[in-house]
1. Would you mind finding the one in Leu97, Leu87 that is surrounded by 12 or more Cβ atoms within 10 Å (Cβ to Cβ) and among the aliphatic types (A, V, I, L, M)?
2. How many residues are among the hydrophobic types (A, V, I, L, M, F, W, C), surrounded by 16 or more Cβ atoms within 10 Å (Cβ to Cβ) and modelled with pLDDT under 80 when one looks only at the range 5-59?
3. Only residues in the range 68-96 that are outside any helix (DSSP H, G or I) count as the first member; pair them with residues that are surrounded by 11 or more Cβ atoms within 10 Å (Cβ to Cβ), Cβ under 6 angstrom, at least 6 apart or cross-chain, and list the lot.
4. Taking the criterion of being assigned to a helix (DSSP H, G or I), aliphatic (A, V, I, L, M) and modelled with pLDDT of 95 or more, would at least one residue in the range 109-126 satisfy it?
5. Going by the structure shown, is Lys138 more than 22 Å from Met6 (Cα to Cα), basic (Lys, Arg), touching a residue at least 24 places away in the same chain (Cβ under 8 Å) and surrounded by 13 or more Cβ atoms within 10 Å (Cβ to Cβ)?
6. Looking only at the range 141-156, how many residues end up being surrounded by 13 or more Cβ atoms within 10 Å (Cβ to Cβ) and not in a helix (DSSP H, G or I)?
7. Hey, among Ile94, Ile83, which residue is out of contact with any Phe, Trp or Tyr (no Cβ under 8 Å at 6 or more places or on another chain), under 20 Å from His39 (Cβ atoms) and modelled with pLDDT of 95 or more?
8. Find all pairs meeting these conditions: Cβ atoms under 8 angstrom apart; at least six residues apart or on different chains; first residue within the range 13-35 and basic (Lys, Arg); second residue at pLDDT 70 or above.
Amino acid sequence: KITAWMYGMGLCALFIVSTVFHIVSWKKSHLRTMEHCFHMCDRMMIYVFIAASYAPWLNLRELGPLASHMRWFIWLMAAGGTIYVFLYHEKYKIVELFFYLAMGFSPALVVTSMSNTDGLQEVAWGGLIYCLGVVFFKSDGVIPFAHAIWHVFVATAAAVHYYAIWKYLYRSPADIIRHL
């Protein structure tokens, strides 16, 4: 249950903070300080969400000796990313992008070694969707509506990962057979 709460809170917090930031920046003429604060929170939540997205796979599957280290490492990366945003927000954008991608791919090294690989295809598809969306994330201001398109990719990838977690980690085998 704790893992479900971790994932659910990470998912909800990402979308809530992002929505608040975008509302504030839309009305930004008199809310510059608040916009800056929520922009930082928006970026920090990406790190938390990446860690929360891996929590169900790292906590609920048999993974071997490296998994326990990865459980801590992914959250240390999230904390490090949060501190990075706090100290260098918008200063080194390519470094921040590298951190997001490294954090997204690092746990895959452990998760792909699972004896039970059910759901990994969906995890891979979701990761690919996030990576394709990065093209639009980095094209903000170059491609019309790039930022909105980026958010469509994020919502789609999050839905794919949510489905995988629901289907392969939280439903009982009897429920799956009944719904076929």
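The values are calculated or read from the model by the stated rules, or taken from the named source; none is laboratory data. Since the structure is predicted, the reported quantities are computational estimates derived from the model, not experimental observations. Here the Cβ positions follow ideal geometry from the backbone for every residue, glycine too, while neighbour counts run over all protein chains shown.
1. Working: Leu87 fails: surrounded by 12 or more Cβ atoms within 10 Å (Cβ to Cβ).
From the options Leu97, Leu87, the qualifying one is Leu97.
2. So the count comes out to 2.
3. His89/Met40
4. no
5. Numbers: more than 22 Å from Met6 (Cα to Cα): yes; basic (Lys, Arg): yes; touching a residue at least 24 places away in the same chain (Cβ under 8 Å): yes; surrounded by 13 or more Cβ atoms within 10 Å (Cβ to Cβ): yes.
For Lys138, the condition - more than 22 Å from Met6 (Cα to Cα), basic (Lys, Arg), touching a residue at least 24 places away in the same chain (Cβ under 8 Å) and surrounded by 13 or more Cβ atoms within 10 Å (Cβ to Cβ) - is met.
6. The number of residues fulfilling the criteria is 1.
7. Details: Ile94 fails: modelled with pLDDT of 95 or more.
After ruling out the rest, the residue left standing is Ile83.
8. Pairs that qualify, where the first residue is basic (Lys, Arg) and the partner is at pLDDT 70 or above, are Lys28/Glu35.
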